[in-house]
Amino acid sequence: MSTQVVGKKLTGRHVAFMLAAFFGLMFAVNGIFVYFALNSFSGVSVSDAYRRGLAYNEELQAKEEQNARGWQHSLEFEQLGDDTGIIRLRLLDPDKQPIENLSILGTLRRPVIEEADKPIMFVYADQLYITDLSGLEKGQWDITIQVQGGGYAVPYRLDKRIWVK
């Protein structure tokens, strides 16, 4: 019993076209990836990361000095509307008494967009430092707070990430 194959024969020309189509598709896809890699977010979230990395031990020492103060803090964000909210900061001394007469400045920034930075100022009321926020876009925001005073020359620093929904 013999079998006969009916149909087109696979020739060298067909194989060459298939290889050319395969590699052509690979080059096209890689070209698209390269285009988007070069024209999208660079991935750099901190300018001069190398120098900051070299100064990491200094940052650790500054954090230890800050912790040696014995201050306790709580930082809360409450969203009041679509684009408004309030931040409440409570600072306590080592005896768990509220710390008054501090100068507190902050910056509200988007983790990726540098142009969206907003300065914020806190007001002391009812044993809390409070700031009202408006014009917030939905998404992640980073809060950096610098507390001046309390008998220290070096500011007390707080960082927190919040979500606006």
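What follows is calculated from the coordinates using simple rules that are stated; it is not laboratory data. These figures come from a predicted structure and were not determined experimentally. A quick note on method: Cβ atoms are made from the backbone with ideal geometry, for glycine too, and the neighbour counts reach across all protein chains shown.
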Identify, among Leu38, Gly7, Tyr129, the residue whose Cα sits farthest towards the positive end of the charge dipole of the chain, taking +1 on the Cβ of Lys and Arg and -1 on the Cβ of Asp and Glu, with the dipole about the Cα centre. Gly7
Stokes-Einstein D in µm²/s, Kirkwood radius over Cα pairs - the chain at 10 °C with 1.306 mPa s viscosity: 76 µm²/s
Between Phe36 and His14, what FRET efficiency comes out of the Förster formula 1/(1 + (r/R0)^6) with R0 = 30 Å and r the beta carbon distance, rounded to 0.05? 0.35
Most mobile listed residue (Asp93, Asp142, Asp48) in the chain, GNM with C-alpha springs under 10 Å: Asp48
Selected from Glu65, Glu100, Glu115 as most flexible by GNM, with the chain as the system and alpha-carbon contacts under 10 Å: Glu115
Please work out how much length the chain gains when fully extended from Ala49 to Ala116, using 0.36 nm per residue of separation minus the C-alpha to C-alpha distance, in nm with one decimal. 22.0 nm
Treating only Lys and Arg (+1) and Asp and Glu (-1) as charged, each at its beta carbon, one finds that the chain has a dipole about its Cα centre, in Debye to the nearest 20, of 1320 debye
Determine the alpha carbon to alpha carbon distance for each of Lys96/Lys138; Lys63/Lys138; Lys118/Lys138; Lys63/Lys96; Lys63/Lys160 and list only those over 24 Å. Lys96/Lys138; Lys63/Lys138
Helix 12-39 sits at what angle to the longest principal axis of the chain, using alpha carbons and giving 0 to 90 degrees rounded to 10? 10 degrees
Helix 56-68: inclination vs the chain longest Cα principal axis, degrees, rounded to 10, gives 40 degrees
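Report the FRET efficiency, 1/(1 + (r/R0)^6), for Lys160 and Phe23, where r is their Cβ-Cβ distance and R0 is 45 Å, rounded to 0.05.
0.30
From the helices alone, meaning DSSP H stretches of at least four residues, give me the mean residue ellipticity at 222 nm for the chain, per-run term -39500 (n - 2.57), in deg cm²/dmol to the nearest 500.
On the way: 3 runs with 47 residues, N = 165.
The per-residue figure over the chain is -9500 deg cm²/dmol.
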